[in-house]
Amino acid sequence: DVCGMVSHPEIDDIKAPTALVAVGVLRWSEEYPLRSAVYQWAVRGAIAAACMYFLINFALYLAHRSVGDLHLGALGEATLPIGAALGIGTLGCGNTAKRLQQTFEVVSNVSQSAGTLDEHQSPGRRAAFMYMLLWFAGIALWGSGHSSVYDSTLEHIAHVALLAVFSGTILSVSFAMVCVCYTLSDLIDALCCQVFDEKDIESLSTAWNLTQAVLRQASSAIGHCLVSLCVILAVVVPLILVDILRSGDILRSAAASLPAIIVAFGVMYVVFTAARISEQCARVPALINAISFGPGTNEDRQQMVDYIESSAAGFYVFGVRLNTAMVFKFAYGWAVIAIGAFTRLLADE
């Protein structure tokens, strides 16, 4: 229903985000379905094979040696293939990929209608630059500092390539979700600007219903992937602290855990960007209440303010409204657990 409501005649073909096409979540073209399907499943198969290879080697290593014999950063690295598989699996399997493609069509159509299709490109480019810089710098620094850990140069190159694929997959999925969140944020800003300029309270109800419908459509499409990445984030941070405790050198351990650290930063940025959408929706009633729509409209304005507040629009994950307070509580809770585990291990040491 939402797709039909926001169809725009000037948009004939909505291209899928390059980040999701590159990792095989979405097809790169509908004009060549066979080639797109072959490429998509080839990329998925390659990433799945790389994940299995990495995890099997890691399990075989632990079968003959103890955890203490692992090189620094190995515990955090073990979560990266799992995160890559979860990211692609939650977005690209079943009807989720179709819903995701429809979400991009809806968001692009609404952005075109609201005139904000190009406004989110600047922050999107900044986010793309940030993710690319983190990924390239982290892999390059990690690869240059771990050449002595492996027996041969070929083994070192293969390990660096695998970590580059895993971390790049997770960051690509994260960046695609950031782009969706940026566009949703621009839609809310466009609605507020439209109300402030036109001061038409009669059309505000329809515009708000459309906006919150798009928010629900987008959040339901990427909510599963966001939860899976948060699970990986909750596991990666304590493992990084364990590596720090094993070495006793914070800088050395941080350098050894660079792939896991950049993935953690990328996922946290997605979570905060999604939570910001709910905070924007919460500030809309105050803006509407401060605008004068003309004489005799005070009662209608109050009804609209109450309606917007009771609608509780925002970014929902499994029916739960995600906001900044929840994100800070999540970070605080895991920080307490990590510090407690770190203190206990330090006492045992």
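The values are calculated or read from the model by the stated rules, or taken from the named source; none is laboratory data. Fair warning: this is a prediction, and the values are worked out from it, not measured in the lab. Please note that ligands, DNA and RNA were not included when accessible areas were found on the heavy atoms of the full protein model with its side chains. Shrake-Rupley method; radii C 1.70, N 1.55, O 1.52, S 1.80 Å.
Computed from phi, the 3J(HN,Hα) profile of the range 304-320 under the Karplus parametrisation 6.51, -1.76, 1.60 (θ = phi - 60°) reads 5, 4, 5, 5, 5, 5, 6, 5, 6, 6, x, 9, 10, 10, 6, x, 10 Hz, with x in place of Gly and Pro. Computed 3J(HN,Hα) for the range 322-334, one whole-Hz value per residue from the Karplus formula 6.51 cos²θ - 1.76 cosθ + 1.60 where θ = phi - 60°, is 7, 9, 5, 4, 5, 5, 5, 5, 4, 5, 5, x, 6, glycine and proline marked x.
Applying the Karplus relation 6.51 cos²θ - 1.76 cosθ + 1.60 with θ = phi - 60° to the range 289-300 yields 3J(HN,Hα) values of 5, 8, 9, 9, 9, x, x, x, 10, 5, 5, 5 Hz, where x marks Gly and Pro.
Close amide H contacts of VAL317 (hydrogens built in the peptide plane, cut-off under 5 Å, sequence separation of 5 or more or a different chain): LEU322. For the range 268-322, the solvent-accessible area of protein heavy atoms averages 49 Å² per residue (probe radius 1.4 Å; ligands and nucleic acids excluded). At a 1.4 Å probe radius, carbon and sulfur cover how many percent of the accessible area of the range 279-327? Looking at the range 279-327 in its full context, I get 53 percent from C and S.
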